[in-house]
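Engineer: Mind looking over this structure? Questions follow.
What follows is calculated from the coordinates using simple rules that are stated; it is not laboratory data. Only a predicted model underlies this, so the values are computations on that prediction, with no experimental measurement involved. Neighbour counts run over all protein chains shown; Cβ positions are idealised from the backbone, glycine included.
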Amino acid sequence: MASPENQISSLSVSELLPPARVLLGPGPSQVHPRVLRALSAPLIGHLDPSFLRLLGETQTCLRRLFQTDHPFTLAISGTGSAGMEAVMINLVEAGDTIVVGVNSLFGTRLATIGERCGAKVIRIEAPWGRAIDPEVIRRTLSGSGPVKLVALVHAETSTGVRQPLDEIGRLCRDRDALFVVDAVTSLGGIPVEIDHWQIDACYSATQKCLSCPPGLSPVTLGPRALATVRGRRSPCPSWYLDVSLIADYWEEAARRYHHTAPISMLYGLREALRVVLEEGLEARFTRHRLHSGALLAGLTTLGLTPLPPEHERLPMLNCVTLPEDIKDRAVRAELLDEYGIEIGGGLGPLQGKVWRIGLMGESATASNVFALLHALESILSRRGWCAGIPGRAIAAASAVYARPGIPLDGVTSA
Ligand code: PLP
């Protein structure tokens, strides 16, 4: 029998009741109610024929989203970093030379993983807040010996920078290098065209523009990447992330146990993908651009200006610089405590200098834009950190929404 001190009532651990939040940070984003319902569906076995059918459907939806025909398109168990690590450690071996774009946090992480694999890493650097110049990539490739792969972050969540990708695939093919892309934040919010852009390996995550909880990493590998995996000189150093073993579970002809699939998360991802594809990719991209435009119009009236230049900005991650007098932490704490709104602060050299405002997936709505602008304007005015006509941020956002032919809220309902 449980002794009284072991009973839950004596432990002051109460029933789970997370506070209500509007998630406008760098991820996770708000989860669609249909996804929440899917997550709570009864469990079946991960080798049950019904579940295996569901896996196949998930792959079909992922291929549509990645705009590819690659058979090896699936979800790795783990967050975006697991996808990043799976791609890198399966493709890179000790002694290889690789090229990595490093213009902030996640490019640095890719380079670190490359170094841990024993590769010589050529870092192409750009300042935090700017994209890597494709011309520098071209010059680097033509000035180096054999290069195994070029890795770039499509959507840098730490700075709000969009990396141009369309020319790089061709440059890589010309030099017989693989092209690896981090689409953790871009997938489902802006086009990610795997086949058209000649991307050989790409990974993403569920908690950004797919509006699913964190826990899975969609990955796609093309024929050149798979040939590299098959031709390795040494076995993949990770057993769990060995894509040849993982493929044995996901391939329709095999379906052999590797590790117990995270069944509920896969229910959630399948439903999230249905929501994305029902909305339609073009409509979803347009919706992200629309709400970002309205948000930035409002923020600019409060003295908060975007960090990246216009042609390098991401719609789902709006990184704005703070005027000197604004106290970053105090405002974000007040936003959370009084309004229940989460936004992100700066990382590394940008700490205290920028805010990162996510409008990802289900979070990209007019009501969220208005709620944040109203809350920010109130806090900043009350503290004497901005002056001007009250309501001007909302008015500026409304003017964007009032343009002819703009649907106010394109979000699908429950
Ligand atoms: N790459 C990018 C661009 C990211 O934004 C993130 C996370 O925010 C990651 C990789 C790592 O993903 P996770 O935190 O899900 O492991």
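Engineer: Just tell me which lysines come within less than 20 Å, Cα to Cα, of Lys327; anything on the same chain fewer than 8 places away is out.
Structural biologist: List returned: Lys353.
Engineer: Turning to a different aspect of this structure: Using Cα pairs under 8 angstrom and six or more residues apart, how large is the relative contact order of region 265-414, in percent? Write out the running numbers ahead of the final one.
Structural biologist: Details: 183 pairs, mean separation 44.4, N = 150.
So the answer I get is 30 percent.
Engineer: Between Arg175 and Ala387, take the C-beta separation as r, use R0 = 51 Å, and let me know the FRET efficiency to the nearest 0.05.
Structural biologist: For Arg175 and Ala387, the calculated efficiency is 0.40.
Engineer: Continuing with this model, one more query. Determine which lysines satisfy two conditions relative to Lys120: a Cα distance under 16 Å, and not lying fewer than 8 residues away in the same chain.
Structural biologist: The qualifying lysines are Lys148.
Engineer: Within the chain, which complete DSSP H helices have Cα atoms spanning at least 27 Å along the helix axis and a mean Kyte-Doolittle hydropathy of -0.5 or higher?
Structural biologist: Details: long enough: 281-301 (31 Å, 0.00).
Answer set is 281-301.
Engineer: Could you rank the peptides 220-230, 388-398, 185-195 by their average count of other C-beta atoms within 10 Å per residue, with the highest value first?
Structural biologist: Answer by packing, highest mean first, reads 185-195, 220-230, 388-398.
Engineer: At a 10 Å Cβ-Cβ cut-off, how would you order Asp174, Asp182, Asp96, fewest neighbours first?
Structural biologist: Numbers: Asp174 11, Asp182 28, Asp96 19.
Lowest to highest Cβ neighbour count: Asp174, Asp96, Asp182.
Engineer: If amide H atoms are built 1.01 Å from N in the plane of the peptide, which residues on other chains or at least 5 residues away come under 5 Å of the amide H of Ile122?
Structural biologist: Correct list: Ile98, Val99, Val100.
Engineer: Next up: Could you work out how far the C-alpha centroid of region 193-214 sits from that of region 151-173, in angstrom?
Structural biologist: Cα centres, region 193-214 to region 151-173: 13 Å.
Engineer: While we're on this one: What's the magnitude of the charge dipole for the chain around its Cα centre, counting Lys and Arg as +1 and Asp and Glu as -1 at the beta-carbon? Answer in Debye, nearest 20.
Structural biologist: 340 debye
Engineer: Please work out whether region 1-139 counts as rounded, prolate or oblate from its C-alpha gyration tensor, where a ≥ b ≥ c are the square roots of the eigenvalues and a/c under 1.5 means rounded, while otherwise a/b larger than b/c means prolate and anything else oblate? Each step should come with its number before you reach the end.
Structural biologist: Numbers: a/c = 2.08, a/b = 1.63, b/c = 1.28.
Verdict is prolate for region 1-139.
Engineer: On to the next question. Please state, as a whole number in µm²/s, the translational diffusion coefficient that the Stokes-Einstein equation yields for the chain at 4 °C and 1.567 mPa s, with Rh defined as the Kirkwood radius across alpha carbon pairs.
Structural biologist: The diffusion coefficient I find is 58 µm²/s.
Engineer: Would you mind computing, in nm to one decimal, how far apart the modelled labels at Asp48 and Asp133 are, each placed 7 Å from Cα along Cα→Cβ?
Structural biologist: So the two model labels end up 5.7 nm from each other.
Engineer: Please identify the longest segment of the chain free of exposed chymotrypsin sites (Phe, Trp or Tyr not before Pro), where exposed means a DSSP state other than H, G, I, E or B and no more than 16 other Cβ atoms within 10 Å.
Structural biologist: Numbers: sites that count: Trp239, Tyr240, Tyr257.
Within the chain, the longest run free of exposed chymotrypsin sites (Phe, Trp or Tyr not before Pro) spans 1-238.
Engineer: With only alpha-carbon pairs counted, each pair once and no self-pairs, how large is the Kirkwood hydrodynamic radius of region 233-292 in angstroms?
Structural biologist: 14.6 Å
Engineer: Can I ask one more? Would you grab the residues whose amide H sits under 5 Å from the one on Val161? Only those 5+ places off in sequence or on another chain, please, with H modelled 1.01 Å from N.
Structural biologist: Glu156
Engineer: Convert each backbone phi in region 17-24 into a coupling constant with the Karplus relation 6.51 cos²θ - 1.76 cosθ + 1.60 (shift: θ = phi - 60°), then list the ³J(HN,Hα) values in order as whole Hz, x for Gly and Pro.
Structural biologist: 8, x, x, 6, 9, 9, 8, 10
Engineer: Separate question: Multiply the residue separation of Lys353 and Arg255 by 0.36 nm, subtract the distance between their alpha-carbon atoms, and state the gained length in nm to one decimal.
Structural biologist: The span from Lys353 to Arg255 would gain 30.3 nm if fully extended.
Engineer: What spacing in nm lies between the two simple spin-label points modelled at Ala399 and Tyr240, each 7 Å away from Cα in the Cβ direction?
Structural biologist: With each label point 7 Å from Cα toward Cβ, the separation is 5.2 nm.
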